[in-house]
Structures are given as structure tokens and as C-alpha cells.
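Notes follow once the structure below has been shown.
The values are calculated or read from the model by the stated rules, or taken from the named source; none is laboratory data. Please read these numbers as outputs of a predicted model, since none were measured by experiment. Cβ placement follows ideal geometry from the backbone for every residue including glycine, while neighbour counts extend to all protein chains displayed. In case anyone asks, the SASA skips ligands and DNA or RNA and just uses the protein heavy atoms, side chains included. Shrake-Rupley method; radii C 1.70, N 1.55, O 1.52, S 1.80 Å.
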Amino acid sequence: MTVGPARRRGLGSEVADMIREAIFDGGYPPGSALREVELSEALRVSRGPVRDALRSLEREGLVRAEWHRGATVAELSLQDVAELDSLRGALEVLAVQRVVATGASLEEIAAAAVEMERASTPHEMVRCDIAFHDAVYAAAGHSRLTQAWEAIRSQVHLFLITRVRLSTDGYLEQIREEHRDLVAALRLGNVEGALKLFAEHRRHAFDVLTSGP
């Protein structure tokens, strides 16, 4: 049966979701080859939707395609790490300021922090960390700010996956404690105090990624 362009695009999105989830679960670490034939067989789809999926993930910054290597899961350079950290920081400043200034409900943010108590692996905790920050941006009530976060969200997830590949010593409890402190700071309504804690939270991951071997 011939699959039309519209149906293939829809299937390509489904395949992109599956590959993305496999990357976030650690099934395809940074630098891993993403071969069309193997993915097609594993996911039981034709190569067309796989090709579409890889292009979509390349636009997200999760995949890199080079003519001599094919598609691979992106590996972050020091420049990538620095750019992501600085952009994420700029976005979070506005998000935190708005959450505090507007007196936004912290219910979803607090619930995301509680969910961290159930995370038992580093990859689960990374998902919880991203979900926490999703909740912060949602509470900020700024649609374009949320769109800007969503544009780098997958790359930040990759950033955090890379961080836990380098070190997991004390990671789970550290992240739980940091996010309990972030919720407490937001509840106090002290913008400067909250911004300081959010910056420290980002710096801890940044330091692991830039400390060298």
C-alpha cells in the first residue's frame, strides 16, 4: 500500500516521538549511530517515516547528520553547553520574575517537585527535572516565553542526560533537595532569593559538564 505524504508526515511524527523517548531513556546515548535500516526494522515502519523523523529530531537539536557519518545522537561541545546554559538562564529569569510578580499558583510546580521523590534512576530524575521547569514556564503565563523554552527543551534534556552520564554520585538526593528549595523560595515570593537558587541549580549541572576529565 502506498503511503501518502500527509500520512507519512503523521507517521514520521510518531516515529520521532519513539526515537526521542529512546534517547531520553538512555537507549541511544550521545554519539550513537541512528541507522535508517535498523530503526525501520526495530520500529516496523518503512524508511520514509524514519527519515522524516530524523530530520525532525535534527531540527530539535537532538540529532546531527553528516554525509560521512550519517545520523547520530548529538554530542554537546563546550560551546553548545555554554550557549544552552546562558540562554536557559535568560529565559528562567523572566519566568521566575513573572511567577513571583503575578502571584501564580505554585500547585503544579510543587507537585512536580513531589514527583521527584518517586524517581529511582538518573534518567527518571532528568525527566522529573524537565517537568518541573515545564511547570515553572506554564505558571509564568507568557506564551512566547513558553515557546522559547520549548524550542530548546529537547536540547536541555540532552544537556542533563550528558550530565548524568558523567557523574551520578549523590545525584538523586541532590536534585530532590535543590527542587524542594526552589519551591520554598517561590513560596516566599523573594525574587532575588529565588533567582539565586535557580542560578545555583543550573551551575551545578554546568560545572559537571565543563570540569573536564
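Ignoring ligands, DNA and RNA, what percent of the 1.4 Å accessible area of region 88-127 is carbon and sulfur?
Looking at region 88-127 in its full context, I get 55 percent from C and S.
Take region 162-202, compute every pairwise Cα distance, and split them into 10 Å bins from 0; I just need the percent in each bin.
It works out to 28, 45, 22, 4, in whole percents.
If you plug each phi of region 52-67 into the Karplus form 6.51 cos²θ - 1.76 cosθ + 1.60 with θ = phi - 60°, what whole-Hz ³J(HN,Hα) values come out, in order, with x for Gly and Pro?
4, 5, 5, 5, 4, 5, 5, 5, 6, x, 8, 10, 10, 10, 10, 4
Let me spell out the model: positive unit charges on the Cβ of Lys and Arg, negative unit charges on the Cβ of Asp and Glu, origin at the Cα centre of region 168-213. What dipole size does that give, in debye rounded to 20?
About 180 debye.
Dipole of region 1-105, Cα-centred, from +1 at each Lys and Arg C-beta and -1 at each Asp and Glu C-beta, to the nearest 20 debye?
Numbers: 14 positive and 16 negative charges, 98 e Å.
Approximately 480 debye in magnitude.
Can you work out ³J(HN,Hα) from phi for every residue in region 26-31, in order, using Karplus 6.51 cos²θ - 1.76 cosθ + 1.60 and θ = phi - 60°, giving whole Hz and x for Gly and Pro?
Coupling constants for region 26-31: x, x, 10, x, x, x Hz.
Would you kindly state how much longer the chain becomes between GLN97 and ARG55 on full extension, computed as 0.36 nm times their sequence separation minus their alpha carbon distance, in nm to one decimal?
Numbers: separation 42, 0.36 × 42 = 15.12 nm, distance 3.56 nm.
Result: 11.6 nm gained on full extension.
Where Rh is the Kirkwood radius over the Cα pairs of region 128-185, the temperature 25 °C and the viscosity 0.890 mPa s, what D in µm²/s does Stokes-Einstein return?
194 µm²/s
Averaged per residue, what accessible area in Å² does the chain show with a 1.4 Å probe, protein chains only?
Accessible surface, normalised per residue, equals 53 Å².
What net charge is computed for the residues neighbouring ASN190, neighbours being all others with C-beta under 14 Å from the C-beta of ASN190, Lys and Arg scored +1, Asp and Glu -1?
Around ASN190, the charge tally is 0.
Can you tell me the order of 133-139, 38-44 when each peptide is scored by its average per-residue count of other Cβ atoms within 10 angstrom, highest first? List each step's numbers first, then the result.
Numbers: 133-139: 20.7, 38-44: 14.0.
The densest-packed peptide leads the list: 133-139, 38-44.
With bins 5 Å wide starting at 0, give me the P(r) of region 64-190 over every alpha carbon pair, in whole percents.
2, 10, 18, 20, 21, 15, 8, 4, 2, 1, 0
Once label points are set 7 Å from the Cα along Cα→Cβ at both GLU14 and LEU188, what is their separation, rounded to one decimal in nm?
It works out to 5.0 nm between the two label points.
So what's the net charge close to GLY61: Lys and Arg +1, Asp and Glu -1, counting the other residues with Cβ under 15 Å from its Cβ?
Result for the neighbourhood of GLY61: -2.
What dipole magnitude, in Debye to the nearest 20, does region 130-213 give about its Cα centre under +1 on Lys/Arg Cβ and -1 on Asp/Glu Cβ?
That gives a dipole near 200 debye.
Using a basic spin-label model with each label point 7 Å from the Cα along Cα→Cβ, how many nm lie between GLU21 and GLU41?
2.3 nm
When the distances between all Cα atoms of the chain are binned every 5 Å from zero, what whole-number percent does each bin get?
Per 5 Å bin, starting at 0, the Cα pair percentages come out as 1, 7, 14, 17, 18, 15, 11, 8, 5, 3, 1, 0, 0.
Which of VAL164, VAL183, TRP149 sits closest to the plus end of the dipole of region 149-188, meaning its Cα is farthest towards the positive end, when Lys and Arg get +1 and Asp and Glu get -1 on the C-beta?
TRP149
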